[in-house]
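The values are calculated or read from the model by the stated rules, or taken from the named source; none is laboratory data. No experiment lies behind these values; they were computed from the predicted model shown. Here the Cβ positions follow ideal geometry from the backbone for every residue, glycine too, while neighbour counts run over all protein chains shown. SASA here: full protein model, heavy atoms, side chains in, ligands and nucleic acids out. Shrake-Rupley method; radii C 1.70, N 1.55, O 1.52, S 1.80 Å.
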Amino acid sequence: MPITLSLREAIVHKVHDKSDAQLREMIEGSVDGPEAALPGLGAIFEMIWKNTEPAKQDELIQVAQEHLHTIPVQPLR
């Protein structure tokens, strides 16, 4: 009988028993990596976001805003 997992469940299952160093390596290997890694990073970020105090969430938003404003954006055609 096949097991059906959501994407979030599959990612949690994949990283559940990783050490801090292994989790860091997975994250760092995904950053600027293939776009296929983005859902995994998104699921990890979702876990972080849900377990972070609002003040720290505000800091994360500020970091994102600071960096978003440094990236040149081409007009969509």
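Pairs meeting the criteria (first residue in segment 17-45 and in contact (Cβ under 8 Å) with a residue 24 or more places away in the chain, second residue assigned to a helix (DSSP H, G or I) and open to solvent by 70 Å² or more (accessible area, probe 1.4 Å), beta carbons under 6 Å, at least 6 apart or on different chains) are Pro39/Leu7; Ala43/Arg8.
Scanning segment 1-48 for residues being open to solvent by less than 90 Å² (accessible area, probe 1.4 Å), out of contact with any Ser or Thr (no Cβ under 8 Å at 6 or more places or on another chain) and under 25 Å from Ile61 (Cβ atoms) gives a total of 16. Just to be sure before I move on: is Leu68 open to solvent by 60 Å² or more (accessible area, probe 1.4 Å), touching a residue at least 24 places away in the same chain (Cβ under 8 Å) and hydrophobic (A, V, I, L, M, F, W, C) in the structure I sent? Answer is no for this residue.
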